[in-house]
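Please read the structure below before turning to the comments.
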């Protein structure tokens with residue numbers, strides 16, 4: 001099969017699935033004639049400059065832009081963008097790093113994708129809420145991003161200087177939503193979170 005035909009098949013699958021990466025299982029659907037030796041064929045496609053491997057068993061179209069946050073949500077599911085990355089998106093902090101931070105119900109994990117570190121922090125299933133999904137990218141709403149961050153701070157999993165948080169952006173916080181979200185936490189955790197929220201003048 002020539003390179004152009006292979007590329008067109010992959011591009012069609014990308015558009016059909018609405019994803020920006022391919023797994024070995026995806027490639028088997030596109031190239032059924034190579035099912036038995038798909039790992040070898042994937043390596044050939046990579047050498048031919050059609051695919052680029054960004055993680056073990058995960059490929060993207062070479063020389064094609066992809067959204068790393070969308071990819072992060074898809075390759076370690078379920079997860080949503082939160083913590084420093086979400087706070088940076090909302091302008092609460094200036095994140096001078098290429099890391100992408102996410103919350104997941106799976107085990108804590110760190111993945112490197114083309115020089116970008118994807119950092120997944122494990123949270124209890126009943127606290128996995130408070131996010132919206134846009135173009136297959138799940139991102140915490142501002143209030144949940146704040147609570148997620150403070151949660152890991154009070155339990156020693158993150159070290160962040162709260163004095164650097166932009167007070168003007170924090171004025172946009174919906175306190176009613178913040179209180180609603182707080183009710184989902186255990187009493188001890190809620191008490192510790194409220195102390196941090198008081199420092200930020202959010203309660």
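Bear in mind that the values in this text are calculations on the coordinates, not laboratory data. Computed from a predicted structure; not experimentally measured. Counting neighbours? That spans all protein chains shown, and the Cβs are built from the backbone with ideal geometry, glycine included.
Out of all the residues in the stretch 22-49, which are within 17 Å of residue 4 (Cα to Cα) and in contact with a strand residue (DSSP E or B) (Cβ under 7 Å, 6 or more places away or on another chain)?
If the condition is that a residue be within 17 Å of residue 4 (Cα to Cα) and in contact with a strand residue (DSSP E or B) (Cβ under 7 Å, 6 or more places away or on another chain), then 42, 45, 46 are the ones that fit.
Can you name every residue in the stretch 72-93 that is farther than 22 Å from residue 182 by Cβ, touching a residue at least 12 places away in the same chain (Cβ under 8 Å) and more than 13 Å from the chain's Cα centre (by Cα)?
Correct list: 91 only.
Just one of 186, 136 is surrounded by fewer than 16 Cβ atoms within 10 Å (Cβ to Cβ) and within 30 Å of residue 61 (Cα to Cα); which is it? I'd like the intermediate steps shown before the answer.
Working: 186 fails: within 30 Å of residue 61 (Cα to Cα).
From the options 186, 136, the qualifying one is 136.
Limited to the stretch 90-113, what total is found for residues that are surrounded by fewer than 22 Cβ atoms within 10 Å (Cβ to Cβ) and touching a helix residue (DSSP H, G or I) at 6+ places or on another chain (Cβ under 8 Å)? Give the steps one after another, and end with the answer.
The first filter runs over the stretch 90-113 and keeps only residues surrounded by fewer than 22 Cβ atoms within 10 Å (Cβ to Cβ), leaving 90-91, 93-99, 104-113.
If we keep only those that are touching a helix residue (DSSP H, G or I) at 6+ places or on another chain (Cβ under 8 Å) too, we end up with 90-91, 93-95, 97, 99, 105, 111, 113.
Adding up the residues that qualify gives 10.
If you take the residues of the stretch 51-90 that are touching a strand residue (DSSP E or B) at 6+ places or on another chain (Cβ under 7 Å) and assigned to a loop (DSSP other than H, G, I, E, B), which of them is nearest to residue 162 (Cα to Cα)?
For the stretch 51-90, the residue satisfying everything is 82.
Just give me the residues in the stretch 156-176 being within 14 Å of residue 193 (Cβ to Cβ), part of a helix (DSSP H, G or I) and touching a helix residue (DSSP H, G or I) at 6+ places or on another chain (Cβ under 7 Å), in sequence order.
The answer is 162, and nothing else.
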